[in-house]
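*Asks:* The structure follows.
The values are calculated or read from the model by the stated rules, or taken from the named source; none is laboratory data. Every value quoted in this text rests on a predicted model; they were computed, and no experiment measured them. Note that each Cβ is placed from the backbone with ideal geometry, even for glycine, and that neighbours are counted across all protein chains shown.
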Amino acid sequence: MTSTPLRSPPAIDDQTVATLLERADAVSRHALESGALQPIRTEQDWIEDGRFRFSVRWVSSLALKDRARVDTVIRRNPDFNPFLPPEPALTVMDLGDAHRVVLNKFPVIDRHLLIVTRHFEDQRAPLSRPDFDALAAVIAAHGGLGFCNGGRTAGASQAHKHLQWVPDGAARLEAFLPANGARGSEPAFSNAALPWAHAFVRLAGGGHMAERLTGAALASAFRLACATLGLPCAADPMPPYNLLVTRETLLLVPRTQERWQDVSVNSLAYAGSLFVRDRAQIDRLRACGALAVLATVGRTPD
């Protein structure tokens with residue numbers, strides 16, 4: 001079964017998107033006061049693997065009650081949809097006619113935003129033109145890292161379609177790019193140092209797209225990455241994947257399993273940011289090596 005072709009939605013208002021972080025901060029303050037927003041307090045360590053450095057966050061020993069919040073997310077009650085409708089206290093704004101921006105109720109990272117479809121679509125459904133427009137609008141205005149966990153096998157915790165955004169500094173996709181001399185001149189390329197199947201595509205300023213990221217250009221880059229990896233870009237359901245986007249680069253990673261041992265892996269891991277529940281899991285990650293862990297849950301390179 002395949003989806004209908006990408007359609008062109010009404011434009012998203014740039015002035016509205018420009019106020020997104022200001023509004024998100026105001027909603028966050030009120031949601032913290034009311035208890036609707038429940039951040040998970042974490043500690044941070046680092047894992048070095050070759051030239052790559054991974055941030056690993058875990059639930060703080062000073063906030064063990066947060067473990068219950070983590071367990072709430074992990075249990076994933078299939079009958080509960082937190083996005084239909086989202087909690088009013090966590091809702092930031094409408095983003096065009098197709099999406100709302102909602103705070104992550106249990107954030108590990110400050111200003112972690114969810115871009116949620118206003119009507120139910122399955123997380124495994126193909127990304128549509130409105131999805132690309134919404135994600136591109138936020139990244140064009142505020143930088144940062146946008147991402148999508150394409151289904152539970154790719155680390156999605158909810159079945160309702162949503163994309164995500166975190167600010168600059170939360171994860172560093174650029175650190176996983178090949179050295180300048182190894183990228184060649186093609187718009188799609190890979191990094192031979194990464195032992196899993198993947199495709200990078202140049203975005204703004206890289207010759208493949210206009211200087212300002214747009215939804216149309218992002219959709220085009222996604223199709224190119226899918227073609228490079230042999231993935232169907234409009235299958236319904238899509239095979240599992242992780243999509244990561246900055247202003248300059250798109251990364252697509254096919255997935256084969258959700259977890260390495262008992263550690264769930266989502267898109268942020270492929271930008272150097274891992275989350276675990278306790279120090280014992282960090283010790284096992286370090287012993288195995290972060291690159292080997294990500295290779296285990298990804299697809300073997302062709």
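*Asks:* Name the residue, out of A31, A24, that is more than 30 Å from P178 (Cα to Cα), buried (at least 18 other Cβ atoms within 10 Å of the Cβ), touching a strand residue (DSSP E or B) at 6+ places or on another chain (Cβ under 6 Å) and modelled with pLDDT of 95 or more.
*Replies:* A24
*Asks:* Continuing with this model, one more query. Just one of (1) more than 24 Å from I12 (Cα to Cα); (2) surrounded by fewer than 22 Cβ atoms within 10 Å (Cβ to Cβ); (3) modelled with pLDDT under 95; (4) not polar (S, T, N, Q) trips up R152, so point out which.
*Replies:* Status for R152: all satisfied but (3).
*Asks:* Separate question: Please go through region 160-195 and pick out each residue that is under 24 Å from P239 (Cβ atoms), modelled with pLDDT under 95 and either touching an Asp or Glu at 6+ places or on another chain (Cβ under 8 Å) or surrounded by fewer than 16 Cβ atoms within 10 Å (Cβ to Cβ) (or both).
*Replies:* Once the filter is applied, which keeps residues that are under 24 Å from P239 (Cβ atoms), modelled with pLDDT under 95 and either touching an Asp or Glu at 6+ places or on another chain (Cβ under 8 Å) or surrounded by fewer than 16 Cβ atoms within 10 Å (Cβ to Cβ) (or both), region 160-195 yields only E186.
*Asks:* Separate question: Give me a count of the residues in region 231-262 that are more than 16 Å from the chain's Cα centre (by Cα), assigned to a strand (DSSP E or B) and crowded, with 20+ Cβ neighbours inside 10 Å.
*Replies:* Qualifying residue count for the region: 1.
*Asks:* Scan region 263-302 residue by residue and report those that are within 19 Å of L231 (Cα to Cα) and in a loop (DSSP other than H, G, I, E, B).
*Replies:* Selection gives N266, R299, T300, P301, D302.
Matching residues to (1) in a helix (DSSP H, G or I); (2) farther than 14 Å from L244 by Cα:
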position: D133; (1), (2): yes, yes
position: V138; (1), (2): yes, no
position: C148; (1), (2): no, no
position: A192; (1), (2): no, yes
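*Asks:* Does R118 fit the bill of being among the basic types (K, R) and out of contact with any Ser or Thr (no Cβ under 7 Å at 6 or more places or on another chain)?
*Replies:* Spelling it out, R118 is indeed among the basic types (K, R) and out of contact with any Ser or Thr (no Cβ under 7 Å at 6 or more places or on another chain).
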